[in-house]
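Have a look at the structure below before the remarks.
The values are calculated or read from the model by the stated rules, or taken from the named source; none is laboratory data. Note that the structure is a prediction, hence the values are computed from the model and not measured. Cβ: placed from backbone, ideal geometry, glycine included. Neighbour counts: every protein chain shown.
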Amino acid sequence: MPAPIPDSIDPAELPALATAVIRSAKFPHLATLDGDQPRARPVSPVRVDGFTIYIANLRGYHKTGEIAANPKVELCYLAENHDQVRITGTAEVVTERAVLESIWSENPLLRAYLGSVDNPELILYRVVPSRVRFMREWALEYHDVPLS
């Protein structure tokens with residue numbers, strides 16, 4: 001069976017294509033390093049701002065220590081049609097009170113589980129992208145998405 005031939009992609013369309021994948025694939029996988037062992041797990045972003053992704057976490061989770069030791073992470077979104085977006089970046093702890101309160105007010109699940117934005121277990125990460133790549137279903141070719 002011959003490999004499928006993917007449609008060509010207009011580079012100007014890459015940001016919109018990548019954004020559509022992020023919108024449709026709500027639960028990306030987050031990759032971190034645990035020493036020399038890669039770890040991946042699905043996460044539920046609490047805010048998406050372009051290609052900057054915000055992820056709520058609990059301080060007691062294992063990934064908290066992994067990110068503290070090495071904040072370089074990657075998020076992988078996979079849409080139902082198998083289009084893929086990979087966001088390579090750095091996870092920063094969000095300390096700006098206005099950002100924390102804004103995300104808190106928008107997320108009833110956070111409020112239900114944690115009770116207060118001041119809960120000491122809550123940690124919010126901002127994944128700042130250094131590279132974003134898009135791949136059409138099984139094309140085996142990534143396209144760099146402009147960050148600005």
Checked segment 91-143 for anything in contact with a Lys or Arg (Cβ under 6 Å, 6 or more places away or on another chain) and either touching a residue at least 40 places away in the same chain (Cβ under 8 Å) or basic (Lys, Arg) (or both); matches are Val94, Ile103, Glu121, Ile123, Arg133, Tyr142
Given the residues Leu140, Leu109, Leu147, which is the only one that is in a helix (DSSP H, G or I), out of contact with any Asp or Glu (no Cβ under 6 Å at 6 or more places or on another chain), surrounded by fewer than 16 Cβ atoms within 10 Å (Cβ to Cβ) and not hydroxyl-bearing (Ser, Thr, Tyr)? Leu109
Would you check which residues across segment 18-69 are hydrophobic (A, V, I, L, M, F, W, C), in contact with an Asp or Glu (Cβ under 7 Å, 6 or more places away or on another chain) and over 19 Å from Ser130 (Cβ atoms) and list them? Leu58
When segment 66-85 is checked residue by residue, the ones that are charged (D, E, K, R) and farther than 29 Å from Glu121 by Cβ are Glu80, Asp83
Scan Arg41, Arg23, Arg47 and give me the residue that is within 21 Å of Pro146 (Cα to Cα) and part of a strand (DSSP E or B). Arg47
Options Leu124, Leu75, Leu30, Leu114; residue that is modelled with pLDDT under 95, buried (at least 17 other Cβ atoms within 10 Å of the Cβ) and in contact with a strand residue (DSSP E or B) (Cβ under 6 Å, 6 or more places away or on another chain): Leu114
So is Ala18 touching a Cys at 6+ places or on another chain (Cβ under 9 Å) and surrounded by 11 or more Cβ atoms within 10 Å (Cβ to Cβ) or not? no
If you check Glu80 against the conditions, is it in contact with a Lys or Arg (Cβ under 7 Å, 6 or more places away or on another chain) and not in a strand (DSSP E or B)? no
Applying the selection to segment 127-137, what residues are among the charged types (D, E, K, R) and either modelled with pLDDT of 95 or more or not in a loop (DSSP other than H, G, I, E, B) (or both)? Arg131, Arg133
